[in-house]
Amino acid sequence: MNSPFQRVCVLGSTGSIGVNTLDVIRRHPERYEVFALSAHSKLDAMVAQCVEFRPRYAVMVNEWHGRELKRILADHGLATEVLWGPQALEQIASHEDVTTVMAAIVGAAGLASCIAAARAGKRLLLANKEALVVGGAFFMNAVRQGGATLLPIDSEHSAIFQSLPENPSLWPDVIDKIILTASGGPFRARDPASFASISPEEACAHPNWVMGRKISVDSATMMNKALEVIEAKFLFGVAPSTIEVIIHPQSVVHSMVQFVDHSVVAQLGTPDMRGPIAYGLSWPTRRVSGANALDFSTMAALSFEPISSRGHTERFPGLQLAWDVLGAPAGTTAVLNAANEVAVAAFLDRQIRFDQIHAINVGCLERYTPVPPGSLEDLLAIDAEARAQAHTLVQSFSAKKSPPSL
């Protein structure tokens, strides 16, 4: 069965996921057309993408970058219509001529456009963790009500999706356990006592994956895995207690499903995001991605380590927060996400230490219990309040050489 020709809107086209998405599209011009692109502030990269793919729309986050892009594209003689602002993101994500939306905007900033695409019934390739972490049940309701096709792009969730039966109605009866694999990041074997001295450069040096700075830090703290636990709960409709995380340093087994008969199905591949991106674009068939094939003759071993071993609990205390917030009132997952975004940004700006990221996340959760959200506005209000709390904690930490007691 071949997937039909698709007009694709790439939200976050100049980031690593966006660039890889365009690389897959470039390989199949007979299957995919770039309809719209969006970027935050990388003008040169956006100009180059517009010159190559000639989208109907290009969107920048703010007016200055938008006007600059409009001027430059006019000098190139391109007819691409340039827009800017959050409403423009929602406009291109829900445009009637768009068939597929790659949601790759980092952070809660991508939530509204994801919901717009869901409500418009698009084929939604979800690389934005926050749509589920912040949106939770509200976002999944928008997917169901809009009749959207939701396809996970995170390598772990794509692996789970590929391991499950194609019919989601079967999932509750056959899933025994979802096993998310984690590389352990750059500090898998590092002494936790030295974490206070970790620099942003060290935290961003992932041993297996080439990623943006924010997600690289999340991998180093394993907060990315905490967010993935939350995602898995909503994506696959399972109880949090059925989700397990195991460290797999080689990043070859991307995740696994254990079924009720205790057989396990795993998806394997090289650590290259073009694999899950190509699967999302081509589902339910498969198409060339550009990723290298696995060479089993070069693999000496595939190893796995439980979180409870080798001091990993002390290295990655943030992982447990996933189950904590899933057991708390609705909206608490949004609090954790907002606190972590603020804390990671502060660490990258050298305002706080690496080990203080977790302390800020915990402090924010202790200080703010949200009212369960009933609308997008409610979710954005929770996000804003949690960020305010986190900024206050950052300022407190920045003013002292050691973190205040939480």
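Within the set of pairs 6+ apart or on separate chains, which have a first residue in segment 303-325 that is farther than 18 Å from SER219 by Cα and open to solvent by less than 20 Å² (accessible area, probe 1.4 Å), a second that is in a helix (DSSP H, G or I) and among the aliphatic types (A, V, I, L, M), and C-beta atoms under 6 Å apart?
VAL325/LEU336
What tally of residues in segment 345-372 results from selecting those that are among the aliphatic types (A, V, I, L, M), under 22 Å from the mean Cα position of the chain (by Cα) and surrounded by fewer than 24 Cβ atoms within 10 Å (Cβ to Cβ)?
5
May I ask you to verify whether SER255 is farther than 26 Å from THR332 by Cβ and modelled with pLDDT of 95 or more?
Against the criterion (farther than 26 Å from THR332 by Cβ and modelled with pLDDT of 95 or more), SER255 does not qualify.
Report, by residue number, each residue of segment 301-327 that is of a type in the set (D, E, K, R) and either modelled with pLDDT of 95 or more or not in a loop (DSSP other than H, G, I, E, B) (or both).
GLU305, GLU314, ARG315, ASP324
Between residues in segment 101-112 that are over 17 Å from ASN224 (Cβ atoms) and open to solvent by 20 Å² or more (accessible area, probe 1.4 Å) and residues that are at pLDDT 95 or above and not polar (S, T, N, Q), which pairs lie under 6 Å by C-beta distance while being six or more apart or on different chains?
So the pair list comes out as ALA112/GLU90.
For segment 382-400, name all the residues that are open to solvent by 60 Å² or more (accessible area, probe 1.4 Å) and within 22 Å of ALA330 (Cα to Cα).
Once the filter is applied, which keeps residues that are open to solvent by 60 Å² or more (accessible area, probe 1.4 Å) and within 22 Å of ALA330 (Cα to Cα), segment 382-400 yields only GLU385.
Would you mention how many residues in segment 16-54 are in contact with a Gly (Cβ under 9 Å, 6 or more places away or on another chain), farther than 20 Å from HIS76 by Cβ and open to solvent by 20 Å² or more (accessible area, probe 1.4 Å)?
Residues flagged as in contact with a Gly (Cβ under 9 Å, 6 or more places away or on another chain), farther than 20 Å from HIS76 by Cβ and open to solvent by 20 Å² or more (accessible area, probe 1.4 Å) within segment 16-54 amount to 6.
Please list, ordered by residue number, the helices (runs of 4 or more DSSP H) wholly in segment 168-231 having 3 or more residues that are surrounded by 24 or more Cβ atoms within 10 Å (Cβ to Cβ) and not polar (S, T, N, Q).
Filter on segment 168-231 gives 213-221.
Taking VAL342, is it under 21 Å from the mean Cα position of the chain (by Cα) and open to solvent by less than 70 Å² (accessible area, probe 1.4 Å)?
So VAL342 passes the test.
The values are calculated or read from the model by the stated rules, or taken from the named source; none is laboratory data. Note that the structure is predicted; figures quoted are calculated from it, not measured. For neighbour counting, all protein chains shown are included, and Cβ atoms are generated from backbone atoms with ideal geometry for every residue, glycine included. Side chains included, ligands, DNA and RNA excluded: accessible areas come from the protein's heavy atoms. Shrake-Rupley method; radii C 1.70, N 1.55, O 1.52, S 1.80 Å.
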